[in-house]
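Everything below concerns the one structure shown next.
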Amino acid sequence: KAGVTQTPRYLIKTRGQQVTLSCSPISGHRSVSWYQQTPGQGLQFLFEYFSETQRNKGNFPGRFSGRQFSNSRSEMNVSTLELGDSALYLCASSTQGGSTEAFFGQGTRLTVV
Amino acid sequence: QQQVKQSPQSLIVQKGGISIINCAYENTAFDYFPWYQQFPGKGPALLIAIRPDVSEKKEGRFTISFNKSAKQFSLHIMDSQPGDSATYFCAASRGTSYDKVIFGPGTSLSVIP
């Protein structure tokens, strides 16, 4: 069974640009959650999608958005990039979200210069 | 009330020793407590998880101890090995709803030969 696939693995963007990250969950998983990981803040929840609907949202500005497609693949978009957006962005998939096992991808390392 | 506290922030253990990481939560509605292990450059991977109907769960060298009345749970790594050196995250979620998983801030474990 293929794992969670995130693309691209690495990105370098300039301040002010926008970026789109992609996550393909494990087959059959309908929940996709996104996290931002930084050395100082740990794993911070961005949002969760389930069956194409955003079900939960963390405390991030509106520059961070996402969507989920009918095949459960998800994308995350960050507009007007700031230096502080440099982080490892992780997505996790699970069958139902909440208390079902979550499987993480390897993440996308975003560097904003 | 949604926080999960974790200690210590970092831990150095000699090979063969016992590593102990502690977590505490406030929300008594949490009913799923997973531990994740993360190696540098990788996404977190589910290590072991427990539900509050049991006080202990063991898988190989890894044991979760759960104290429902104290709202605390801990990870014990027996016979710690250099290959266990990683960052460990405890987490909690509610199974009765599909709320997001709340992660602790992480513990960096170094096992020295």
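The values are calculated or read from the model by the stated rules, or taken from the named source; none is laboratory data. It should be emphasised that the depicted structure is a prediction, and the values quoted were computed from it without experimental measurement. Cβ: placed from backbone, ideal geometry, glycine included. Neighbour counts: every protein chain shown.
Checking the condition more than 9 Å from every other protein chain (Cβ to nearest Cβ), modelled with pLDDT of 95 or more and surrounded by 13 or more Cβ atoms within 10 Å (Cβ to Cβ), which residue from A:4, A:19 passes? Working first, answer last.
Working: A:4 fails: more than 9 Å from every other protein chain (Cβ to nearest Cβ).
Answer to the selection: A:19.
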All but one of (1) part of a loop (DSSP other than H, G, I, E, B); (2) over 15 Å from the mean Cα position of the chain (by Cα) hold for residue B:111; state the number of the condition that does not hold.
(1)
Answer yes if at least one residue in segment B:74-86 is under 30 Å from residue A:49 (Cβ atoms) and surrounded by 22 or more Cβ atoms within 10 Å (Cβ to Cβ), and no otherwise.
yes
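Among the strands (runs of 3 or more DSSP E) lying completely within segment B:1-102, list those that include at least 2 residues that are without any contact (Cβ under 8 Å) to a residue 40 or more places away in the chain. Even if it seems obvious, please write down each step before you answer.
Numbers: elements: B:4-7, B:10-14, B:19-25, B:33-38, B:45-50, B:56-59, B:62-67, B:72-77, B:86-92.
Filter on segment B:1-102 gives B:45-50, B:56-59, B:62-67.
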Looking across segment B:1-42 at residues that are at pLDDT below 95 and small (Gly, Ala, Ser), the single one that is surrounded by the most Cβ atoms within 10 Å (Cβ to Cβ) is B:29
Is it fair to say residue B:65 is within 14 Å of another protein chain (Cβ to nearest Cβ), at pLDDT 95 or above and out of contact with any helix residue (DSSP H, G or I) (no Cβ under 6 Å at 6 or more places or on another chain)?
no
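Counting only residues that are at negative phi and in contact with a Cys (Cβ under 8 Å, 6 or more places away or on another chain), give me the strands (runs of 3 or more DSSP E) lying completely in segment A:54-113 with at least 2 of them. Give the steps one after another, and end with the answer.
Values: elements: A:64-68, A:74-78, A:87-94, A:108-112.
Strands (runs of 3 or more DSSP E) meeting the threshold: A:74-78, A:87-94.
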